[in-house]
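I have placed the structure first, in the form of structure tokens, so that the comments after it can refer back to it.
Values quoted throughout were computed directly from the atomic coordinates according to the rules given, and no laboratory measurement underlies them. All of these numbers come straight from a predicted model, not from anything done at the bench. Here the Cβ is made from the backbone with ideal geometry for all residues, glycine too, and neighbour counts use every protein chain on show.
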Amino acid sequence: MNPEGRPVPGILVAHGRLAAELKLTAESIGGPAPDLLCLSNVDRRPEELSEDIGAAIDERGPGTVVLVDLAGGSCCTAALRAARTRPKTVIVAGINLALLLDFLSKREDYASAELVTHMTERGHSGLKVVKAGE
Amino acid sequence: MNSPVRTLLVRIDDRLIHGQVSIGWAGRLNPDFIVVLDDEAARDAWENELVCSACPEKVKAEVHPVEEGTRMLLSGGHAGHRIILLLRSVASARRLLDLGFPLSELNIGGLHHHAGSRAFLPYVYLDPAEVEDFRSLATRGVRLVAQDVPGNRSFDLAPLLGAEAG
């Protein structure tokens with residue numbers, strides 16, 4: 001168990017159906033993660049998305065990790081606005097399946113900061129040319 | 001009268017700079033400036049920085065209050081540059097026109113659901129005051145083109161507003 005005595009809480013925020021689908025896919029590989037909330041930009045005004053992210057962070061407490069799909073995208077901007085008044089929030093952009101699986105499997109063992117370092121390294125190392133064209 | 005202002009795109013989008021603008025439109029139109037005219041974002045240094053941080057690396061972003069920014073552009077600021085101009089609301093577009101900005105075509109890229117609004121397109125929700133503002137722009141000769149990203153179908157918004165009148 002990490003020093004905070006609970007798994008690092010997380011929220012997935014992404015365009016369209018990406019968050020929900022990514023969660024489903026990760027769960028099919030690594031097992032259920034019922035507390036991982038998924039939010040989408042669809043049918044939400046930017047400020048509404050920020051408010052929903054903020055409320056979800058408040059429910060989960062300081063050190064919540066918000067995983068967003070695209071740096072500079074509207075989901076990332078909404079997360080940054082929500083975190084403006086919640087300084088202990090961590091935001092990681094550029095989520096992929098390798099990163100999410102690492103987050104879910106290690107969040108009981110690491111504190112928020114170490115977990116973020118670990119999973120972003122996994123996210124980077126998981127992105128590679130596995131066979132170049134000839 | 002020839003104005004020194006030339007823009008690649010004037011767009012209303014309540015998200016200001018985000019993927020559809022920084023990847024979709026900037027990728028297609030190759031601007032060197034994205035100019036955001038918005039009082040709220042211009043007044044708040046944190047918000048200003050946040051908006052600019054969403055800009056693609058090779059493009060410069062600036063945020064100005066609507067009136068000051070419009071006057072800056074009209075007086076030749078950024079003349080010769082390739083500009084995407086972003087506004088948060090139709091009210092800002094009206095102010096632009098009132099200040100003498102040569103607005104022949106306006107891209108409506110995202111006005112999302114809010115209190116009192118109804119859907120005209122999946123990404124265009126308008127309340128009655130906004131419908132009136134758009135009608136007024138159309139009457140003054142502004143072509144209203146709703147299109148979220150390049151390559152997707154565009155819609156002439158004015159007839160859609162007209163159908164709502166009855």
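Note that segment B:64-112 shows a convex hull volume over its alpha carbon atoms of 85 Å³ per residue. Within the P(r) computed for the protein assembly as shown, what percentage of the Cα pairs occupies the region above 24 Å? Tail of P(r) above 24 Å: 57 percent of Cα pairs. Phi-derived couplings, Karplus 6.51 cos²θ - 1.76 cosθ + 1.60 at θ = phi - 60°, listed residue by residue for segment B:7-20: 10, 7, 6, 10, 10, 9, 8, 6, 9, 6, 7, 7, x, 4 Hz, with x used for Gly and Pro.
The Cα center of segment B:1-45 and the Cα center of segment B:122-166 differ in position by 19 Å.
Please report the antiparallel percentage of the DSSP beta bridges confined to the protein assembly as shown, to the nearest 5.
Of the beta bridges lying entirely in the protein assembly as shown, close to 15 percent run antiparallel.
Cβ-Cβ distance of A:E4 and B:R43, R₀ of 22 Å, FRET efficiency by 1/(1 + (r/R0)^6): the value works out to about 0.05. Beyond 21 Å, how much of the Cα-Cα pair distribution for segment B:9-165 remains, as a whole percent? Summing the P(r) tail past 21 Å for segment B:9-165 gives 43 percent.
Mean separation of Cα pairs under 8 Å and 6 or more residues apart, divided by the residue count, gives chain B a relative contact order of 27 percent. Under 5 Å between amide hydrogens, built in the peptide plane, is the criterion, and for B:V63 it picks out B:V36 among residues at least 5 positions away or on other chains. Among B:56-65, A:123-132, sorting by the average number of other beta carbon atoms lying within 10 angstrom of each residue, highest first, gives B:56-65, A:123-132.
Couplings 3J(HN,Hα) of segment B:90-106, computed from phi: 5, 4, 5, 5, 4, 5, 4, 5, 4, 7, x, 6, x, 9, 9, 9, 10 Hz, in residue order, whole Hz [Karplus 6.51 cos²θ - 1.76 cosθ + 1.60, θ = phi - 60°; x for Gly and Pro]. Average 1/r across all pairs of distinct alpha carbons in segment B:34-108, invert it, and you get the Kirkwood radius: 12.7 Å. Size descriptors for segment A:29-88, from the alpha-carbon set: Rg then Dmax equal 11.7, 35 Å.
When N counts the residues of segment A:79-134, how does its alpha-carbon radius of gyration compare numerically with 2.2 N^0.38 Å, as a ratio? Can you show the working numbers first?
Details: Rg = 14.1 Å, N = 56, 2.2 N^0.38 = 10.2 Å.
The reported ratio for this selection is 1.39.
With the simple spin-label model, which puts each label point 7 Å out from Cα in the Cβ direction, the A:R84 to B:E57 separation comes to 2.7 nm.
Remark: chain A projects, on average over all directions, an area of 8.7 nm² (convex hull of Cα atoms). For a modelled paramagnetic label at B:R140, 7 Å from Cα along Cα-to-Cβ, the residues of segment B:73-116 in reach, with backbone nitrogen under 13 Å, are B:90-106.
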